[in-house]
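**Q** First the structure, then my questions, so here it is.
Read-outs throughout are calculated quantities, based only on the coordinates presented, and are distinct from any laboratory measurement. Worth saying up front: this structure is predicted, and the values here are computed from it rather than measured. Positions of Cβ are generated from backbone atoms using ideal geometry, with glycine treated the same way; all protein chains shown enter the neighbour counts.
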Amino acid sequence: MKKKQPLSVSRNNLSFIDSNLLNDQTYYDYLDRFKKIALSIFEWVNLPESMDARYLERCLYYDGVASLLKDKDYGFINTRVAPSGQVNIYGLPTALNCYSYSFQETRKLFIGKLPEFRSEQQKEAFENSKAILVMNNWDRVPTEPTLALYAKRLALAERSSDTNIQALRTPVMILTPENQRLTMENLYAQFDGNRPFIFGDKKQMGDMDSIKAINTEAPIVFDKLQQYKKEIFNEALTFLGINNIMLEKAERLITDEANANNELINLNLQAALVPRQKAAEEFNRLFGLTGDKAISVRVRSDLHNIIKNAQSIVNDFEQMEQVEDIEVKEEQE
């Protein structure tokens, strides 16, 4: 029986593998950037110490839903959740399978008003049988898949830009006999690495007349790709509800255009904020939390007035233009 020959890995295969690894690294880098932004948008205020806002937002980011509940051993906690039981008249599950690391319990969905309790024991039993459903948006769709699409487009544009720049650095294709392939690959590798190559033996170069170089005439498109990347990145920020009016564009924006952009950004932000606020209100109602003990959700302080600030930028440019017009009229008079 013949022994199988070991598979040899050529230089071309290694280059292909390196290229694929860089493609994946670029994609995951963009996705990680988006994730950091998405997980930092909302601030949960007055959460009990036994609850974790970071884990809550991660559940919403990856799953689109999470749960808030009170456990007899852990106290107030937040977990991952999966629908269970039947569906009520509003299309929501009547029961929630609340689970996390070393925790799993099925609870009934709390919705509506509290019943009248005859004793503290009855009230506690009711609280321990219910859970609050937190939704990332009204359709319970996670954030990650959409950002993954934007990250894929950005990675494709970035790698295309790298390829274009590489083609401009080495705008030649070399034709050589097969017996000279390895020699030319080594020469090209040194050329690609910005390293000069010198051979003192003419025999090492083989038949010079059989070696030809073809100019690929690669066009310059990386500048257009960079502009395309900005548009995709800004579109992703709009999806997240983050203002992305660039200062270089602000002076050319008319008020109606700026207002329309701000309105779209605000609606995207509200699409994620309102369901979270509703879950906080239900949590407070279920457990009777009021005043300083009540939990709430808000946009982080540094983003809270971002829509207003963006409008101020546009107004500042308009005021500058008005002042310039007045100065011109005064000079003419």
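**Q** Could you derive backbone 3J(HN,Hα) for the stretch 288-294 from the dihedral phi with the Karplus parameters 6.51, -1.76 and 1.60 (θ = phi - 60°), listing whole Hz in sequence and x where the residue is Gly or Pro?
**A** x, 8, 9, x, 5, 8, 5
**Q** Follow-up. Taking R0 as 45 Å, what FRET efficiency do you get between residue 17 and residue 270 from their Cβ-Cβ distance, rounded to the nearest 0.05?
**A** Result of the calculation: an efficiency of 0.50.
**Q** Hey, rough spin-label estimate for residue 226 and residue 99, points 7 angstrom out along Cα→Cβ, what's it come to in nanometres?
**A** According to this spin-label approximation, the distance is 4.9 nm.
**Q** Could you size up the charge dipole of the stretch 40-144 around its Cα centre, putting +1 on the beta carbon of Lys and Arg and -1 on that of Asp and Glu, and report it in debye to the nearest 20?
**A** Working: 12 positive and 14 negative charges, 66 e Å.
About 320 debye.
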